[in-house]
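What follows is one structure encoded as C-alpha cells, with my remarks underneath.
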Amino acid sequence: MPSILRLCPHFVVEVCSHPRELRPLKDKMLQWVANGIELGWLMVPQEQCVFIYSPGSEPEIVDGDFVVGDGPAEEFFIFLDDVWRLDVYKRFY
C-alpha cells in the first residue's frame, strides 16, 4: 500500500475576506496547529486585528500598528495600517 506524504508549512497567513468566513478560518487555523505549524496569522481586516496561533497556547489577538513574527518568521513583520488601507477585502461583500 502506498504511503501518503503529509507536509505542513512552518508559517501560515490566512486573510478573512468576509465576516461569515471567520469561524471556518479559525477552525482551519486550529487544524494547521494540530498538524504541526509553528506559527499562524489569521488577518481580519473587518475588525482590524490579527489572531496569532501557535502550538500549546490560546490564540493571541493583535490590534496594534504592526505584527511581528516569531519562531520560523522571527524577522518578518507587517505594518497593519498598510494592509487595512488596501480595502481589497470590501469587494467580496
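The values are calculated or read from the model by the stated rules, or taken from the named source; none is laboratory data. What you see is a predicted model, and the numbers here were worked out from it, not measured in a lab. Glycine gets a Cβ as well: all are built from the backbone with ideal geometry, and neighbour counts include every protein chain shown.
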Exclusive hit being surrounded by 11 or more Cβ atoms within 10 Å (Cβ to Cβ) and in contact with a His (Cβ under 7 Å, 6 or more places away or on another chain), set 61, 52, 37: 37
When you look at residue 40, is it at pLDDT 90 or above and in a loop (DSSP other than H, G, I, E, B), yes or no? no
Taking the condition assigned to a strand (DSSP E or B) and closer than 19 Å to residue 7 by Cα, does residue 32 pass? no
Of these, 14, 58, which one is at pLDDT 95 or above and of a type in the set (Asp, Glu)? 58
